[in-house]
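None of the figures in this text is laboratory data; all of them are computed from the coordinates on show. Fair warning: this is a prediction, and the values are worked out from it, not measured in the lab. Here the Cβ is made from the backbone with ideal geometry for all residues, glycine too, and neighbour counts use every protein chain on show.
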Amino acid sequence: MSFFRNRNRTAPSFEAFDHLATMVAVLDREGRCQHVNAAFESTLGLPRRALQRSSAFGWFVDPAMLKVTFDAVVANEYSTARLEALLGRPPGAASSEPLPVHAIVTQIDHGEQVLLELVELEQQARQDREARALDQARITKELIRNLAHEIKNPLGGIRGSAQLLEMELDNRSLHEYTQVIIHEADRLQALVDRLLAPHRRPHMVADVNIHEVLERVRSLILAEFPKGLVVQRDYDTSLPEFRGDREQLIQAVLNIAHNAAQALAERRQAGDARIVLRTRAARQVTIGRQRYRLALDLHIEDNGPGVPPEIRDRIFFPLVSGRDGGSGLGLTLAQDFVQQHHGLIECESEPGCTLFKIQIPLP
């Protein structure tokens, strides 16, 4: 395949592989590494020069099956073969934990070289979870929007009828009942308005500094919860600005941080409640099956009791709340606003540590 060589056909050119989300290594016919891509470097935490000329078979916990498959591809018994393996991580790698991978072995350059592509099984599972979450969010939003519109019209009629009825009642003691109808109709109207808010509100795009957003959230949280709570900053100030809706992002982060502060009620009384706002740059990130060179990695972490296990998989669904009196809309709106920025929001929780992760592509 001439694609893999430059115009002079004297030296291989593999720059395109650096744009792939999966780990890619180019091997010679003996299995020695000639090139690895950026995703390979990032996953192993090693520069590519540390892997050059080493044997790929030494990277795996049990290389026997890979060796058999590799030899079959080199011998042209198959042009491509697949297997599952356990990447043992070369010495000096960032982590010593073996990594389960799906390996794809393919001939290139007329059989002179072999392409080894490794897909993290956890990465594949994560992408599948993201796809399911996005589909579920789209379905849920459409359902809620349709339901809200259906509720909205009768509510106006109920409230108006109650007002007319109140005007006709001579016995003022009966006004108590019409007022109950009016107040409950207003409460439901406010709920419907919140459900419809993301669809009504225009997307106000401008340059956004994420740390200005976080400082605004921090000041609002500390103003409401001034005692017993510390909101720590852990910022990477080198992060660039990006195009987005500043108010939407403030609301998304505020909804999460506010939930955390409320969940920290006991720790606030004890004086050791903590919320951490952390920003980092993430490189070669896949969001919604699209690869981005650079992304914002925003963490909102608290030391509260954790999300109840029975709702952990449903916390972004509308009307699901782990708190008495909660509307169950805060995290739904946060997810919607983050997705409007082509981002992803996830939650990991256990007693003593709840972590919300937001990733948004950066320029």
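Between Ala16 and Tyr78, the distance separating the two model label sites (each 7 Å from Cα on the Cα→Cβ line) works out to 2.4 nm. The packing ranking, built from the mean of other Cβ atoms within 10 Å per residue, places the peptides 249-256, 167-174, 216-223 in the order 249-256, 216-223, 167-174, highest first.
For Asn37, the residues 5 or more places off, or on other chains, whose built amide H falls under 5 Å of its own are Val24. Peptide packing: for 37-43, 232-238, 55-61, the average count of neighbouring Cβ atoms within 10 Å per residue gives the ranking 37-43, 55-61, 232-238, highest mean first.
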